[in-house]
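Structure record follows, encoded as structure tokens.
FYI, it's all coordinate maths here, none of it is from the lab. All values reported here derive from a predicted model rather than from experimental measurement. Cβ coordinates were reconstructed from backbone atoms using ideal geometry, including for glycine residues, and neighbour counts include every protein chain displayed.
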Amino acid sequence: MRIIILALLCGAMSFAQAQSGSVSPNPPGPYGVGLHIVKHYDFTRAYKSKIDELTGRPVQGERAWPIQTLVWYPAQTGGTPVSYLEYVRPRVTEEAFDLTEKEVSELLALTLKAISVRLGADQAREELNSRMLAVLDTKPSSGKFPVVIYAAGGGGSADENADMCEYLASHGYVVIASPSMGAHTKGISIGLEDVEAQVGDIEFLIGYANSLPQSDMAHIAVVGWSWGGMANVFAAARDSRITALVSFDGTREPAPRS
């Protein structure tokens, strides 16, 4: 029954967005929403090669697969919700967890400048300062809750559907997402190797969910959009722990022909 409700919630939210254009068309559920951001390495997979292809020099630092993870969870009400800027900030460390504070600040400034150019300074300021539902690292609600793994579209960040992830958490789901990563770079090259990369991330996140006290591991759904909505089909076909699947436009359009 909880998985049926999940599908209805996702579908209702998508329909309402199409009708109203609002990112939060429906009222939240009875729970507060907590947000936890954690940096993992999957040491069973390599992300960086031994030699940097651009410089020809040995790669320094950790070469294992980085999985920067956002966790939304049912929480006690109260606390100050994060601004959307707090979702943008982690994007600059998706591929490298060992950046200095100066490097993070410089990359964040470039990211914010790009957003300002795209949206215009006034709209960008309004969007970045807008308050979300989630409260960072707030106290979780007691009990066990179904798990939702969200798979981002090709090259997308873990926060790409933050409104839906927060909404689901407010209705009693533990929602976990990570960036969409290609097999060798952040961008994807539209190949089976890149599909396997995201399938591996989904399986890793399911394993991570098992370590969370709130997770009801008997009820695990994967939700994804576009490339992620295709990758999660592969994951569900292979991983028997997955008990429900929601794919939003999980397709790959054919390349244009000359």
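Amide H contacts under 5 Å for residue 145: 215, 216, restricted to partners 5 or more places along the chain or on a different chain, H placed in the peptide plane at 1.01 Å from N. Restricting to DSSP H runs of at least four residues, report the calculated mean residue ellipticity at 222 nm for the chain, -39500 (n - 2.57) per run over all residues, nearest 500 deg cm²/dmol. Helices in the chain give a 222 nm mean residue ellipticity of -11000 deg cm²/dmol. Ranking 148, 92, 173 by how far each Cα lies toward the positive end of the dipole of the range 88-178 (charges on Cβ) leaves 173 at the top.
Among the chymotrypsin sites (Phe, Trp or Tyr not before Pro) found in the range 59-140, those both in a DSSP coil and sparsely packed, with 15 or fewer other Cβ atoms within 10 Å of their Cβ, are 97. When only Cα pairs below 8 angstrom with a gap of at least 6 residues are kept, the chain shows a relative contact order of 20 percent.
Cross-link partners among aspartates and glutamates for residue 39, C-alpha distance below 19 Å, same-chain residues fewer than 8 apart left out? Partners within reach: 62, 86, 94, 95, 98, 101, 103, 137, 159, 160, 201, 203.
Label zone of residue 218 (point 7 Å out along Cα→Cβ, amide N under 11 Å): in the range 57-97 this covers no residue at all. For Rg and Dmax of the Cα atoms in Å, which listed value, [x] 18.4, 64; [y] 17.4, 50; [z] 18.3, 58, comes from the coordinates shown? Matching entry in [x] 18.4, 64; [y] 17.4, 50; [z] 18.3, 58: [z]. Computed 3J(HN,Hα) for the range 178-186, one whole-Hz value per residue from the Karplus formula 6.51 cos²θ - 1.76 cosθ + 1.60 where θ = phi - 60°, is 9, x, 7, 10, x, 5, 10, 9, 4, glycine and proline marked x. Taking the Cα centre of the range 84-130 as reference, the dipole from Cβ charges on Lys and Arg (+1) and Asp and Glu (-1) amounts to some 180 debye.
With a threshold of 25 Å on the Cα-Cα distance, the over-threshold entries among 144/186; 113/139; 48/139; 139/186; 113/186; 102/139 are 144/186; 113/139; 48/139; 139/186; 102/139. Restriction of the chymotrypsin sites (Phe, Trp or Tyr not before Pro) in the range 31-70 to DSSP coil positions whose beta-carbon has at most 11 other beta-carbons within 10 angstrom yields no sites. Only Lys, Arg, Asp and Glu carry charge here, each on its Cβ (+1 for the first two, -1 for the last two); on that basis the chain has a dipole of about 200 debye about its Cα centre. Excluding the site residues themselves, the longest part of the chain lacking any GluC sites (Glu not before Pro) in a DSSP loop with at most 15 other Cβ atoms within 10 Å is 96-258.
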